[in-house]
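Novice: Here's a structure for you.
The values are calculated or read from the model by the stated rules, or taken from the named source; none is laboratory data. Source: prediction; values computed, not measured. Note that we place each Cβ from the backbone using ideal geometry, even for glycine, and neighbour counts take in every protein chain shown.
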């Protein structure tokens, strides 16, 4: 083989070979979360014969702390979810009680949607609880993406046996995520849509979760506002504040 073409091939492969899979996943996670953020979100649960929409506000500090307040519909209004490092709490206004969610509940549906408790409050960490392997490159919607395999670490308490991420190389956006059970069967498919600038960053403002075994079912999560500049006090992430957040 001509040495010139061999060298050119090597040079052009450097961006892929030089990328560290863990660093890519970290950048993608940090871009959405930031050091701190506030947001207004709607979640529409669609079924073949009905649909309903839940609206919420969210506050976060990094990946360790997050607070979600349900603002509508009326029957769910005032419900609060708190993630405080590895602990998850749920404030139920109808009984004025805080409930700590055990790890066994992480795989259960969140608010009747196709997202699990773990998806929304993210007890597990894509960065810390998984080993990452760069599989190659694929194109999704005309965007060149890294394809990365995530396998749980031996000591990690996670709900998925494997995750395959497709992360946009230009903007570090998670365009597609595949969630597999411990037997290696594909369970859920998540897609990022409606890419635009929000909160000063280019992000997928709509996330669609589809359960593979239930055609016609899906949950659409949409960011309406997202602010990475507003300071979020640490007192927000306490069980005491859950009772009075508005």
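Novice: Restricting the search to region 129-156, which residues are over 23 Å from residue 171 (Cβ atoms) and surrounded by 13 or more Cβ atoms within 10 Å (Cβ to Cβ)?
Specialist: 129, 131, 151, 152, 156, listed by residue number.
Novice: Assuming residue 51 fulfils every condition listed in (1) part of a strand (DSSP E or B); (2) without any contact (Cβ under 8 Å) to a residue 60 or more places away in the chain; (3) within 13 Å of residue 111 (Cβ to Cβ) apart from one, which condition is it?
Specialist: (3)
Novice: Oh, and also: Check off (1) on the phi < 0 side of the Ramachandran plot; (2) surrounded by fewer than 17 Cβ atoms within 10 Å (Cβ to Cβ); (3) touching a strand residue (DSSP E or B) at 6+ places or on another chain (Cβ under 8 Å); (4) modelled with pLDDT of 95 or more for residue 194 and give me the number that stays unchecked.
Specialist: Failed condition: (1).
Novice: Give the residues of region 23-44 that are farther than 17 Å from residue 223 by Cβ and not in a helix (DSSP H, G or I), sorted by residue number.
Specialist: Restricting attention to region 23-44, the residues satisfying the condition of being farther than 17 Å from residue 223 by Cβ are 23-27, 35.
Of everything in region 23-44, just one residue is farther than 17 Å from residue 223 by Cβ and not in a helix (DSSP H, G or I), namely 35.
Novice: Kindly indicate whether residue 197 is assigned to a strand (DSSP E or B), free of Cβ contacts under 8 Å to residues at least 40 places away in the same chain, within 30 Å of residue 108 (Cα to Cα) and out of contact with any helix residue (DSSP H, G or I) (no Cβ under 9 Å at 6 or more places or on another chain). First the steps, then the outcome.
Specialist: Numbers: assigned to a strand (DSSP E or B): yes; free of Cβ contacts under 8 Å to residues at least 40 places away in the same chain: yes; within 30 Å of residue 108 (Cα to Cα): no; out of contact with any helix residue (DSSP H, G or I) (no Cβ under 9 Å at 6 or more places or on another chain): yes.
Criteria not met by residue 197.
Novice: Among what's in region 86-103 and is at pLDDT 90 or above and not in a loop (DSSP other than H, G, I, E, B), pick the residue that is farthest from the chain's Cα centre (by Cα).
Specialist: If we take residues in region 86-103 being at pLDDT 90 or above and not in a loop (DSSP other than H, G, I, E, B), then 97 is farthest from the chain's Cα centre (by Cα).
Novice: Would you mind finding the one in 83, 133, 144 that is touching a helix residue (DSSP H, G or I) at 6+ places or on another chain (Cβ under 7 Å), under 22 Å from residue 21 (Cβ atoms) and either at pLDDT 85 or above or in a loop (DSSP other than H, G, I, E, B) (or both)?
Specialist: 133
Novice: So, one more: Quick one: residue 185 ticks every box in (1) at pLDDT 95 or above; (2) in contact with a strand residue (DSSP E or B) (Cβ under 7 Å, 6 or more places away or on another chain) except a single one, so which number is it?
Specialist: In the conditions (1) at pLDDT 95 or above; (2) in contact with a strand residue (DSSP E or B) (Cβ under 7 Å, 6 or more places away or on another chain), residue 185 misses (2) alone.
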